[in-house]
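One structure is given here, and the rest of the page talks about it.
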Amino acid sequence: MKYYILFGPPGAGKGTQAAPLVEKYNLKHISTGALLREEIAAGSELGKKAKELIDAGNLVPDDIVEGMLAKSFANAEGIDGFLLDGFPRTIQQAMDLDEMLEARDESVTAVISLMIPDETIKERIAHRAQVEGRADDASEETVNNRIATYHAQTEPLIAFYEDAGKYHEIQSLGTIAEVGERIQSVMDEFSALA
Ligand code: ADP
């Protein structure tokens, strides 16, 4: 089983890029953000708790996202691996992920990091707010806090995965197809391995 992590700041294009990748490499896409939005849409208790935090641009507690992740991992029939999008977002989550995978005799295959400048994050999210109508995209204050949360809590993962020899960074500027090709050139190295 392959365990790929699509990493990057909000608005880097993780969700956009994930769709063709899961097709090509026969992976299951796990987006913790999308799973949380499903819970919010369903009006569950978990969704209510998450909504307040998400709308303020903060992270949701680890036990909530890790519970959802464990459920998604449980069904691996017919796939060659998983593409994680939006997880891990903290060093603690990365350590928990390593533990979860170790228990299955598995490990993270590669981290592909999509990099864009903060200014581009703001432009892309402003555009997405009009197209998708996500509540957490609507206010400038929330977006600024998400960017701050990314720098404070998520960016340290770069060094974590560099130390593990698993970090691959690409520029996420250019067309969707160009970025897709850059990601695939990294993933091709690993999908060729047994
Ligand atoms: P984006 O990366 O574009 O901001 P996501 O859809 O990945 O959006 O996530 C939306 C929100 O869901 C995040 O701002 C955060 O509040 C919450 N969230 C998603 N994944 C996690 C996670 N792994 N840990 C904690 N909170 C998360």
The range 160-180, residues that are over 16 Å from residue 110 (Cα atoms), open to solvent by 60 Å² or more (accessible area, probe 1.4 Å) and part of a helix (DSSP H, G or I): 176, 177, 178
Candidates 46, 36 - the one that is at pLDDT below 95 and either out of contact with any Cys (no Cβ under 8 Å at 6 or more places or on another chain) or closer than 28 Å to residue 176 by Cα (or both): 46
Check on residue 79, more than 23 Å from residue 159 (Cα to Cα) and either surrounded by 19 or more Cβ atoms within 10 Å (Cβ to Cβ) or within 12 Å of the ligand (Cβ to nearest atom) (or both): no
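Residue by residue through the range 106-121, note down the ones that are open to solvent by 50 Å² or more (accessible area, probe 1.4 Å) and modelled with pLDDT of 95 or more.
Within the range 106-121, 106, 107 meet the criteria.
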Check on residue 83, under 12 Å from the mean Cα position of the chain (by Cα) and either over 24 Å from residue 19 (Cα atoms) or among the aliphatic types (A, V, I, L, M) (or both): yes
Counted residues, the range 85-105 - those being of a type in the set (Asp, Glu) and open to solvent by less than 90 Å² (accessible area, probe 1.4 Å): 3
Residues of the range 124-136 that turn out to be part of a helix (DSSP H, G or I) and without any contact (Cβ under 8 Å) to a residue 60 or more places away in the chain, as a count: 6
Some residue of the range 47-59 being farther than 30 Å from residue 175 by Cα, among the small types (Gly, Ala, Ser) and either near the ligand (Cβ under 10 Å from one of its atoms) or crowded, with 19+ Cβ neighbours inside 10 Å (or both): yes
Filter pass, residue 7 being open to solvent by less than 20 Å² (accessible area, probe 1.4 Å), among the hydrophobic types (A, V, I, L, M, F, W, C) and within 13 Å of the ligand (Cβ to nearest atom): yes
Every pair of residues 6+ apart whose Cβ atoms lie under 7 Å, when the first sits in the range 137-159 and is in contact (Cβ under 8 Å) with a residue 60 or more places away in the chain and assigned to a helix (DSSP H, G or I) while the second is of a type in the set (A, V, I, L, M) and open to solvent by less than 30 Å² (accessible area, probe 1.4 Å): 143/125; 147/121; 157/94
Hits in the range 10-30 - residues which are of a type outside the set (A, V, I, L, M) and either more than 16 Å from the ligand (Cβ to nearest atom) or over 15 Å from residue 181 (Cβ atoms) (or both): 10, 11, 14, 15, 20, 23, 24, 25, 26, 28, 29
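The values are calculated or read from the model by the stated rules, or taken from the named source; none is laboratory data. In this text the structure is predicted, and so the values were computed from the model without any measurement. Cβ sites come from the backbone with ideal geometry, for glycine too, and all protein chains shown count toward neighbours. When the accessible area is computed, the model is the full protein with side chains, heavy atoms only, and any ligands, DNA or RNA have been set aside. Shrake-Rupley method; radii C 1.70, N 1.55, O 1.52, S 1.80 Å.
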